[in-house]
Amino acid sequence: NAGVTQTPKFQVLKTGQSMTLQCAQDMNHNSMYWYRQDPGMGLRLIYYSASEGTTDKGEVPNGYNVSRLNKREFSLRLESAAPSQTSVYFCASRFGQLHLATNEKLFFGSGTQLSVL
Amino acid sequence: ELKVEQNPLFLSMQEGKNYTIYCNYSTTSDRLYWYRQDPGKSLESLFVLLSNGAVKQEGRLMASLDTKARLSTLHITAAVHDLSATYFCAGPSHNNNDMRFGAGTRLTVKP
């Protein structure tokens, strides 16, 4: 059982380049998330999707776009990468839609380490 | 919006010692989550605390929740090297659609 799969694991970009981070889950989850992790700041939510065809902004959406391609896949796109986007990116998912149910938790992918030079 | 503060952010302790990590949160919440992240790895769920006074234990880790004080603690008993990791607490966002995380506590257990 693969769980949440992210690709690539590592990426180096030059300022201004674009790229898409891919995320797929095989747990039939409805909600999917993109977080970024920076030292001393924990995880901050970029975007999330409560169901196929819907997306919502999180805490730090500027400079990013997302696509919920189908129930399984949720991609994160950087159109013009900036050094401030150097970070570790995590995709996560959960079964519920909208409100977190009692005892519900997030399942995380293994992360993508992105460096923008 | 919920703000989550952890302290300490860095903790170096010797094997066999006890210590507590603190997690304060800014707004009323009926639940609190703890996650563990090993170096270079993803986050894994440790505990979900669902009510005031809730206590959960697994091995050398025990978590508790005081909703009135807006405080959760993660207590480490007789630390061992395998507990070295970063520990995050998190709470539900204001619309309860996602989780908001603290900055994490990087724990290093030395022989």
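The values are calculated or read from the model by the stated rules, or taken from the named source; none is laboratory data. Given the structure is predicted, the values throughout are model-derived calculations rather than measurements. Every residue, glycine as well, gets a Cβ built from its backbone with ideal geometry; the counts of neighbours run over all protein chains shown. Side chains included, ligands, DNA and RNA excluded: accessible areas come from the protein's heavy atoms. Shrake-Rupley method; radii C 1.70, N 1.55, O 1.52, S 1.80 Å.
Against the definition (at pLDDT 90 or above and within 12 Å of chain A (Cβ to nearest Cβ)), how does residue B:2 come out, yes or no? Before you say what the answer is, go through the steps one by one.
Details: at pLDDT 90 or above: no; within 12 Å of chain A (Cβ to nearest Cβ): yes.
Judged against the criteria, residue B:2 is not a match.
Kindly establish whether residue A:7 is open to solvent by 40 Å² or more (accessible area, probe 1.4 Å) and in contact (Cβ under 8 Å) with a residue 60 or more places away in the chain.
Spelling it out, residue A:7 is indeed open to solvent by 40 Å² or more (accessible area, probe 1.4 Å) and in contact (Cβ under 8 Å) with a residue 60 or more places away in the chain.
Filter the range B:86-101 for residues that are out of contact with any Lys or Arg (no Cβ under 7 Å at 6 or more places or on another chain) and facing another protein chain (nearest Cβ under 7 Å) and give the result.
Filtering the range B:86-101 down to residues out of contact with any Lys or Arg (no Cβ under 7 Å at 6 or more places or on another chain) leaves B:88-89, B:94-101.
Scanning the range B:86-101 gives B:88, B:96, B:97, B:98, B:99, B:101.
Could you please tell me which pairs satisfy a Cβ distance under 7 Å, a separation of 6+ or placement on different chains, a first residue in the range A:77-90 that is of a type in the set (A, V, I, L, M, F, W, C), and a second residue that is open to solvent by 60 Å² or more (accessible area, probe 1.4 Å)?
A:81/A:15; A:81/A:17; A:82/A:15; A:88/A:113
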